Ligand code: HEM
């Protein structure tokens, strides 16, 4: 395994995580029963776990640590936002209005994470 291969794995899981979240968000908006399917409840968790494992691998391998590198700190903070708002959007939000707002916020966090990853600048 090379560093570049691990980075490509990380990027692949990052893209998969985004697509799966987008699709589930659209199903939430349309009130689709697809959200209740077993694979829809299981696969995104596996993808997100592997995304995080690959992220930790890159951090350790490149010796760039959140707390030292401000762009990595920004990624972790935005990741917490992506997860928390994602849970509100797909599960916890009591009203549709709250779920829609959380969905938009989570997507904004995701876009910010990718922009920070590419530019290595927390101010994007
Ligand atoms: C939703 C979550 C995440 C997404 C969408 C994401 C996306 C990306 C992307 C697109 C790249 C490639 C950037 C480039 O070089 O062009 C990347 C690289 C990287 N990410 Fe993530 N990432 C996520 C979470 C994390 C987290 C939580 C960490 C660790 C704190 C992390 C650490 C890294 C590192 C160390 C690199 C490699 C930088 C390099 O060597 O060039 N990522 N990420």
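We did not get these values from a lab; they are worked out from the coordinates using the rules stated. In this text the structure is predicted, and so the values were computed from the model without any measurement. Counting neighbours? That spans all protein chains shown, and the Cβs are built from the backbone with ideal geometry, glycine included.
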Row for segment 32-124, column shape: gyration tensor on C-alpha, a ≥ b ≥ c, rounded if a/c < 1.5 i.e. under 1.5, prolate if a/b over b/c, else oblate; value oblate
Residues 24, 38 in order from fewest to most other beta-carbon atoms within 10 Å are 38, 24
Please give the contour-minus-distance gain from residue 69 to residue 42: 0.36 nm per residue of separation, less the Cα-Cα distance, rounded to one decimal in nm.
6.4 nm
Give me the one-decimal nm value for the distance between modelled label points at residue 34 and residue 58, 7 Å along each residue's Cα-to-Cβ direction.
2.8 nm
To make sure I understand, if each residue's beta carbon is the centre and we count other beta carbons within 10 Å, what order do 28, 1 fall in, fewest to most?
1, 28
From the helices alone, meaning DSSP H stretches of at least four residues, give me the mean residue ellipticity at 222 nm for the chain, per-run term -39500 (n - 2.57), in deg cm²/dmol to the nearest 500.
-27000 deg cm²/dmol
When 94, 99 are ranked with the fewest other C-beta atoms within 10 Å first, the list becomes 94, 99
